[in-house]
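Novice: What follows is a single structure, and I will ask about it in a moment.
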Amino acid sequence: MTDSPNKTVFTKRVPAGPWTYVLEVRELQDKTRYLAIRQLGDVGALGGGPGRIVVVERYLPAFAAALEKATQYLGAGGTSKAYHVETIRQTYPRAYMRWTANEDERLKREYLRGKTLAELVSILRRQPGAIRGRLSKLGLRGRGVVSTPQIHARDLVGNWHAGWALDLHTLSSVALPDGGFDTQRTEIGELLYQLKYSFDRSKIEPIATTAATFLKGGRFLEPLTAIIPVPPSKLDRPFQPVPQLALRIGEQVQLPVALDYLTKVRRTQPLKDLEDAETRRDQLRGAFTVADHRFEGKRVLLFDDLFRSGETLQEITDLLVKEGRVSTVYVLTITKTRTKR
């Protein structure tokens, strides 16, 4: 049997949302090695194509880490580290630079003001691990830096242009002999549960920061005009989580939040109590109205906390397009149930 023209000596796959990067180090018969990089998935909307790799900002650190490992197999030595640093600095311009006294003072000041980890990263332009390490060295670690849960985005299918939930709401729910349930929630699902049912306002920041991080990740090729929160269905809460989350997300992504645009004009039964899909749709017909045509021809983000059946979001999307004359509706929810009820 003759040797093949080349063989693969290293492979690293980098999942990146709808895409996957495949980095392979291959070796020719004369022992010459080279690096081959492929991007799987539809990249046309990002300007990608044959001979061109496109890396969205939020996936750049993972891609850079894989690239560093691949270059080690190429025998690049110090070049690997230098290239890795320069790549990381495209996202974190101060990465691997010596901390200055002014930076230390600003880190302490902003930290004690209650800034989240994501906000500290943005202010100081350094990697999250570097921020944590510096806080520890300054004796501030463990005093409340807000960590954010991981994102496991789920596509939401409906009459909107595109939609996502940041994660599932629960992982499992087992009936107990006493009639209760032993429910295991996702990380962000637990935060949302505590916000909605324990009225823990401290959960607004990590949830909103996670959502803002997702929105900044290159999902939109053209800018959005505004965030439109779904009006609350339960009016007896001490505070309404959806508009509060929307306002904080809007601050972080620098988008206005239209609290006065979409109104619920008729009370409806809780949809989770209605098994029949047609009955749920009947409940929603004519339940909402828009104030005016301020978003005519615009692109908006419709926001809610939990995606269950999707009927409410579909009814509102139809209203935004037909009555509000909105051109494009995107949908974002914090979590998604495992079933449609």
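The values are calculated or read from the model by the stated rules, or taken from the named source; none is laboratory data. Because the structure is predicted, anything quoted here is derived from the model rather than measured. Don't worry about glycine lacking a Cβ; one is built from the backbone with ideal geometry, like all the others, and counts go over all protein chains shown.
Novice: Keeping to region 120-140, report how many residues are surrounded by 13 or more Cβ atoms within 10 Å (Cβ to Cβ), farther than 23 Å from Ala65 by Cα and of a type outside the set (Val, Ile, Thr).
Specialist: 3
Novice: Which residues, taken from region 8-37, are among the polar types (S, T, N, Q) and part of a strand (DSSP E or B)?
Specialist: Answer for region 8-37, where residues must be among the polar types (S, T, N, Q) and part of a strand (DSSP E or B): Thr8, Thr11, Thr20.
Novice: Any residue in region 39-48 that is assigned to a loop (DSSP other than H, G, I, E, B), surrounded by 17 or more Cβ atoms within 10 Å (Cβ to Cβ) and modelled with pLDDT of 80 or more?
Specialist: So far as region 39-48 goes, no, none of its residues is assigned to a loop (DSSP other than H, G, I, E, B), surrounded by 17 or more Cβ atoms within 10 Å (Cβ to Cβ) and modelled with pLDDT of 80 or more.
Novice: Can you pull out the strands (runs of 3 or more DSSP E) entirely within region 162-254 that have at least 1 residues that are surrounded by fewer than 16 Cβ atoms within 10 Å (Cβ to Cβ) and of a type in the set (Gly, Ala, Ser)?
Specialist: 162-168, 170-175
Novice: Being in a helix (DSSP H, G or I) and modelled with pLDDT of 95 or more is the requirement here; does Val326 meet it?
Specialist: No, not satisfied.
Novice: Here is a further query. Based on this model, can you work out whether Arg94 counts as modelled with pLDDT of 80 or more and surrounded by 12 or more Cβ atoms within 10 Å (Cβ to Cβ)?
Specialist: Yes.
Novice: All but one of (1) at pLDDT below 90; (2) in contact with a helix residue (DSSP H, G or I) (Cβ under 8 Å, 6 or more places away or on another chain) hold for Asp236; which doesn't?
Specialist: (2)
Novice: Leu301 is checked against (1) modelled with pLDDT of 95 or more; (2) under 17 Å from Val157 (Cα atoms); (3) touching a Gly at 6+ places or on another chain (Cβ under 9 Å) and fails just one. What number does that condition carry?
Specialist: (3)
Novice: Name the residue that is modelled with the lowest pLDDT, counting only residues in region 108-126 that are of a type outside the set (D, E, K, R) and farther than 17 Å from Ala212 by Cα.
Specialist: So, considering only residues that are of a type outside the set (D, E, K, R) and farther than 17 Å from Ala212 by Cα, the one modelled with the lowest pLDDT is Gly114.
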